[in-house]
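J.: Here it is, the structure in full.
Each value in this text was obtained by applying a stated rule to the coordinates, not by laboratory testing. Worth saying up front: this structure is predicted, and the values here are computed from it rather than measured. Because the Cβ atoms are built from the backbone with ideal geometry, glycine has one as well, and the counts that use them run over all protein chains shown.
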Amino acid sequence: MSRKNDPLTIIAHADLTNRARGGIVIYLLAWLTIMLSNQVHVSSPEFFYFNTTVIVLVMLSRLAHYYIFIREFEISVSLAHDWLIYSILFGALHWGLMSCWVLLNSDHAALYAYIIVSGAVLGIAGTTALSISRRLRLWFPILIMLPSISVLFARAGTEDLIFASMGILSLIYVHVTSKTASQDYWHAIKNHALAEQRASDMERLSVTDQLTQLKNRSYFEQRFGEEWKRGDRQNQSLSLLILDLDGFKRINDTHGHLFGDECLRRVARTLDSEIHRETDIVTRYGGEEFVLLMPDTEAQQAASVAEKLRRAIADIDIEHEGVPVRLTCSIGGATVLPHHGSNRDNLFKRADHALYTAKANGRNRYQASVAGVHLVAG
């Protein structure tokens with residue numbers, strides 16, 4: 001099914017489809033049981049085969065809907081929901097009209113009790129199962145039961161009036177109970193959805209740096225381990241860049257911490273906008289230090305990304321009280337081919353050492369350590 005729909009609508013349709021599953025064949029079974037046991041296919045073949053055809057067509061429509069549902073074909077939930085609703089309601093209307101015909105035909109007096117009881121059973125059981133849909137809760141019992149109840153009242157015999165009165169009481173009872181069941185269902189799934197949303201928000205907040213809105217150090221540590229294992233399994237290189245703003249303490253001391261925070265936010269937005277691969281992970285590691293983890297990335301590719309980031313940071317246009325403030329950064333990087341038994345911390349240490357070397361060599365530059373060889377740019 002399409003996932004572009006409201007989550008509660010998707011859940012409700014899935015639940016309704018599963019609840020309606022039993023009714024796909026029940027009408028045909030009930031019909032054949034009543035008709036064949038009373039030899040209606042012999043006494044009234046046209047009536048029997050016409051109604052059998054209608055019931056089979058409704059059944060096939062519902063089977064097609066269920067097949068599409070379980071196969072998760074791309075189809076609008078709204079369209080699929082209406083398809084199911086109208087198939088069920090058409091089946092109920094057909095049963096109600098067929099019941100009227102039987103009750104109005106004196107040749108089928110032997111079927112009266114079966115038709116009345118089956119209509120009541122199908123109406124009550126079906127409404128109970130399908131009560132999560134407001135349309136089905138309201139119209140299903142009316143369409144399947146009210147036509148025969150109306151005929152019974154019109155005939156006005158003592159037994160007919162008793163059956164009709166019991167039918168009305170059943171309609172009232174099933175309406176009240178199904179409404180309560182529907183309210184309980186929607187209350188439950190809304191609370192469940194709210195709980196899941198809150199849990200998702202809490203999880204997101206736990207791995208999000210509140211100042212920059214980038215992922216935080218905890219998230220980096222988790223993904224670092226995952227990508228290390230993935231690189232080992234798939235024999236792919238893993239690159240790590242550590243970016244540190246130059247002279248950030250001076251910026252804080254000169255312009256204040258609020259401006260320093262704004263600088264960090266601007267840098268974070270710049271980094272986020274410059275990273276385009278979904279597999280790359282940029283995080284605020286702490287203070288003015290940022291980390292970029294790049295799976296399936298060779299050393300030269302990492303060097304190219306680092307240079308792009310260094311230039312992007314240097315191009316940030318920011319000022320304090322009308323005075324331009326220049327931001328620069330130093331970047332250290334390392335690349336490794338993970339393998340079983342190796343220590344991922346060594347990759348971080350190599351990138352960190354390269355960062356300090358870049359700082360010592362004049363800052364505003366990139367330096368990478370690749371298997372003991374240092375590449376410098378700046």
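J.: Taking only Cα atoms, what is the 0 to 90° angle, nearest 10, from helix 158-206's long axis to the longest principal axis of the chain?
T.: 0
J.: Suppose the chain between ASP201 and VAL323 were pulled fully straight at 0.36 nm per residue; how much longer would it get relative to their current alpha carbon spacing? Each step should come with its number before you reach the end.
T.: Numbers: separation 122, 0.36 × 122 = 43.92 nm, distance 3.89 nm.
Computed gain between ASP201 and VAL323 is 40.0 nm.
J.: Can you sort THR283, THR9, THR208 so the residue with the fewest Cβ neighbours within 10 Å comes first? Write out the running numbers ahead of the final one.
T.: On the way: THR283 26, THR9 12, THR208 18.
Listed from fewest to most nearby Cβ atoms, that is THR9, THR208, THR283.
J.: Also, I was wondering about something else. Before rounding to the nearest 500, sum -39500 (n - 2.57) across all DSSP H runs of length at least 4 in the chain and divide by the residue total; then give [θ] at 222 nm in deg cm²/dmol. Before the final figure, lay out the partial values.
T.: Details: 13 runs with 254 residues, N = 378.
Dividing the helical sum by the residues of the chain leaves -23000 deg cm²/dmol.
J.: Need one number: nm distance between label points at SER218 and VAL56, each 7 Å from Cα along Cα→Cβ, rounded to one decimal.
T.: Going from the SER218 label point to the VAL56 one covers 6.2 nm.
J.: Below 8 Å, C-alpha to C-alpha, sequence gap of six or more: please give me the relative contact order for the stretch 7-201 in percent. Each step should come with its number before you reach the end.
T.: On the way: 165 pairs, mean separation 41.9, N = 195.
The normalised contact order for the stretch 7-201 reaches 22 percent.
J.: May I pose another question? Per 0.36 nm of contour for each residue apart, how much would the distance between ALA109 and GLN39 grow if the chain were fully extended, relative to their Cα-Cα spacing?
T.: Values: separation 70, 0.36 × 70 = 25.20 nm, distance 1.30 nm.
Between ALA109 and GLN39, full extension yields 23.9 nm more.
J.: Let me ask another. Subtract the Cα-Cα distance of GLU262 and ASP184 from 0.36 nm times their separation in residues, and report this length gain in nm to one decimal.
T.: 23.2 nm
J.: A follow-up question, please. Mind putting a number on the dipole of the stretch 217-377 about its Cα centre? Charges go on the C-beta only, +1 for Lys and Arg and -1 for Asp and Glu, and I need it in Debye to the nearest 20. List each step's numbers first, then the result.
T.: Working: 22 positive and 24 negative charges, 75 e Å.
Charge dipole of the stretch 217-377: 360 debye, to the nearest 20.
J.: Now, a different point. Based on the alpha-carbon gyration tensor of the stretch 7-201 and its eigenvalue square roots a ≥ b ≥ c, which shape applies: rounded if a/c is under 1.5, prolate if not and a/b is larger than b/c, or oblate? Walk me through the numbers before you get to the answer.
T.: On the way: a/c = 3.34, a/b = 1.66, b/c = 2.01.
It is oblate, given that a/c is not under 1.5 and a/b is not larger than b/c.
J.: Within 10 Å of each candidate Cβ there may be at most 13 other Cβ atoms; applying that plus a DSSP loop requirement, which GluC sites (Glu not before Pro) in the stretch 181-284 survive? Could the numbers behind the result be given before it?
T.: Working: sites: GLU196, GLU203, GLU221, GLU226, GLU227, GLU262, GLU274, GLU278; in loops: GLU278.
Sparse-neighbourhood loop GluC sites (Glu not before Pro): GLU278.
J.: For a quick check of your reading of the filter: which trypsin sites (Lys or Arg not before Pro) in the stretch 256-299 sit in a DSSP loop and have no more than 13 other Cβ atoms within 10 Å?
T.: Within the stretch 256-299, the qualifying trypsin sites (Lys or Arg not before Pro) (loop, at most 13 other Cβ atoms within 10 Å) are ARG277.
J.: Using a basic spin-label model with each label point 7 Å from the Cα along Cα→Cβ, how many nm lie between GLN236 and LEU194?
T.: Here the modelled spin labels are 4.1 nm apart.
J.: Sticking with this one: Starting from the Cα of TYR356, step 7 Å along the direction of its Cβ; do the same at GLN210; then give the gap between the two resulting points in nm.
T.: Label-label distance for TYR356 and GLN210, simple model: 3.2 nm.
J.: Helix 299-314 against the longest principal axis of the chain: what's the angle in degrees, Cα atoms only, rounded to the nearest 10?
T.: 80
J.: Please compare each pair in LYS229/LYS308; LYS229/LYS249; LYS249/LYS349 to a cut-off of 25 Å on the Cα-Cα distance and tell me which ones are over it. Numbers along the way, then the final one.
T.: On the way: LYS229/LYS308 28 Å; LYS229/LYS249 37 Å; LYS249/LYS349 23 Å.
Over 25 Å Cα-Cα: LYS229/LYS308; LYS229/LYS249.
J.: GluC sites (Glu not before Pro), restricted to the stretch 280-375: which are DSSP loop and have at most 13 other Cβ atoms within 10 Å?
T.: On the way: sites: GLU288, GLU289, GLU298, GLU307, GLU319, GLU321; in loops: GLU288, GLU298, GLU321.
Filter output for the stretch 280-375: GLU321.
J.: Can you tell me the orientation of helix 217-234 relative to the chain, as the angle in degrees between its alpha-carbon axis and the longest Cα principal axis, to the nearest 10?
T.: Roughly 80 degrees, rounded to the nearest 10.
J.: How high is the FRET efficiency between LYS249 and GLN301 when r is their beta carbon distance and R₀ equals 45 Å, given to the nearest 0.05? Numbers along the way, then the final one.
T.: Details: r = 32 Å, r/R0 = 0.72.
Result of the calculation: an efficiency of 0.90.
J.: To continue, here is another question. Cut-off is 10 Å between beta-carbons; in what order do PHE69, PHE140 appear when sorted fewest neighbours first?
T.: PHE69, PHE140
J.: Sticking with this one: Going by C-beta contacts inside 10 Å, put HIS81, HIS340, HIS187 in order with the fewest on the left. Please report the intermediate quantities before stating the final value.
T.: On the way: HIS81 20, HIS340 7, HIS187 10.
If I rank by nearby Cβ atoms, fewest first, I get HIS340, HIS187, HIS81.
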